[in-house]
1. If you check residue 121 against the conditions, is it modelled with pLDDT under 95 and within 18 Å of residue 10 (Cβ to Cβ)?
2. Being in a helix (DSSP H, G or I) and over 17 Å from the mean Cα position of the chain (by Cα) is the filter; apply it to region 82-92 and report the residue that is modelled with the lowest pLDDT.
3. Taking residue 52 as the residue in question, decide whether it is touching a helix residue (DSSP H, G or I) at 6+ places or on another chain (Cβ under 8 Å), assigned by TED's automatic domain parsing to the domain that holds residue 17 and surrounded by 14 or more Cβ atoms within 10 Å (Cβ to Cβ).
4. Can you confirm whether residue 128 is surrounded by 11 or more Cβ atoms within 10 Å (Cβ to Cβ), in contact with a helix residue (DSSP H, G or I) (Cβ under 7 Å, 6 or more places away or on another chain) and either outside the structural domain of residue 56 (by TED's automatic domain parsing) or in a helix (DSSP H, G or I) (or both)?
5. Looking at (1) part of a helix (DSSP H, G or I); (2) surrounded by 12 or more Cβ atoms within 10 Å (Cβ to Cβ); (3) modelled with pLDDT under 85, can you tell me which one residue 58 breaks?
6. Cβ-Cβ under 6 Å, sequence separation 6+ or interchain: first residue in region 1-21 and surrounded by 13 or more Cβ atoms within 10 Å (Cβ to Cβ), partner modelled with pLDDT of 65 or more. Which pairs?
7. Answer yes or no: is there a residue in region 105-128 that is within 20 Å of residue 18 (Cα to Cα), within 15 Å of the chain's Cα centre (by Cα) and in contact (Cβ under 8 Å) with a residue 12 or more places away in the chain.
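The values are calculated or read from the model by the stated rules, or taken from the named source; none is laboratory data. Just so you know, these numbers come straight off a predicted model, no measurement behind them. All Cβ positions, even for glycine, are placed from backbone atoms using ideal geometry, and neighbour counts span all protein chains on display.
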């Protein structure tokens, strides 16, 4: 098993399967169009890329749905995100299937960059991206609560 396969294995199974399906079906779709037409339109490529993006977006929403609960806003001026984000508690309170991935992910520059932007956005684009992400998390929570209440009624 190579390094990529090992790292890919820590992605929770449900998302790994969705990625395989989207990437596989997207590549099949693009290849079949290329074979038929000897080319592929930009719009077709964009469609496949957007589907793959959506899988990743859904994945990150599921991982970070409650991340705001672990931020200490009073320490936001501290440049070290570990001082205002309780990553240990965040991991321990997360879905058990996600923990192997989260343990590695919270050690990356990507999470540091996310929190740098979250705590001190530099421009309106960063603010809008964060608002978009947080609003999607809120919608996801509402959807989950609605689904739970429907299950409790039956």
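1. On the way: modelled with pLDDT under 95: yes; within 18 Å of residue 10 (Cβ to Cβ): no.
No, not satisfied.
2. In the first step, residues of region 82-92 are kept if they are in a helix (DSSP H, G or I); the result is 82-83, 87-92.
Within this subset, residues satisfying the condition of being over 17 Å from the mean Cα position of the chain (by Cα) are 82-83, 88-89, 92.
Details: 82: 80, 83: 84, 88: 94, 89: 95, 92: 96.
Once the filter is applied, the top-ranked residue is 82.
3. Numbers: touching a helix residue (DSSP H, G or I) at 6+ places or on another chain (Cβ under 8 Å): yes; assigned by TED's automatic domain parsing to the domain that holds residue 17: yes; surrounded by 14 or more Cβ atoms within 10 Å (Cβ to Cβ): yes.
When the stated conditions are applied, residue 52 passes them.
4. Details: surrounded by 11 or more Cβ atoms within 10 Å (Cβ to Cβ): yes; in contact with a helix residue (DSSP H, G or I) (Cβ under 7 Å, 6 or more places away or on another chain): no; either outside the structural domain of residue 56 (by TED's automatic domain parsing) or in a helix (DSSP H, G or I) (or both): yes.
When the stated conditions are applied, residue 128 does not pass them.
5. For residue 58, the exception is condition (3).
6. Cβ pairs passing all conditions: 10/100; 10/101; 11/101; 12/97; 12/98; 15/59; 18/55; 19/55.
7. Initial filter on region 105-128 (within 20 Å of residue 18 (Cα to Cα)): 105.
Checking the rest, the ones that are also within 15 Å of the chain's Cα centre (by Cα) come to 105.
Narrowing the set further to residues that are in contact (Cβ under 8 Å) with a residue 12 or more places away in the chain leaves 105.
Checked region 105-128: at least one residue is within 20 Å of residue 18 (Cα to Cα), within 15 Å of the chain's Cα centre (by Cα) and in contact (Cβ under 8 Å) with a residue 12 or more places away in the chain.
For (1) in contact with a helix residue (DSSP H, G or I) (Cβ under 7 Å, 6 or more places away or on another chain); (2) more than 16 Å from residue 141 (Cβ to Cβ); (3) not assigned by TED's automatic domain parsing to the domain that holds residue 15, each residue gets a yes or a no:
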{"position": "56", "(1), (2), (3)": "no, yes, no"}
{"position": "68", "(1), (2), (3)": "no, no, yes"}
{"position": "73", "(1), (2), (3)": "no, yes, yes"}
{"position": "79", "(1), (2), (3)": "no, yes, yes"}
{"position": "83", "(1), (2), (3)": "yes, yes, yes"}
{"position": "86", "(1), (2), (3)": "yes, yes, yes"}
{"position": "89", "(1), (2), (3)": "yes, yes, yes"}
{"position": "95", "(1), (2), (3)": "no, no, yes"}
{"position": "99", "(1), (2), (3)": "yes, yes, yes"}
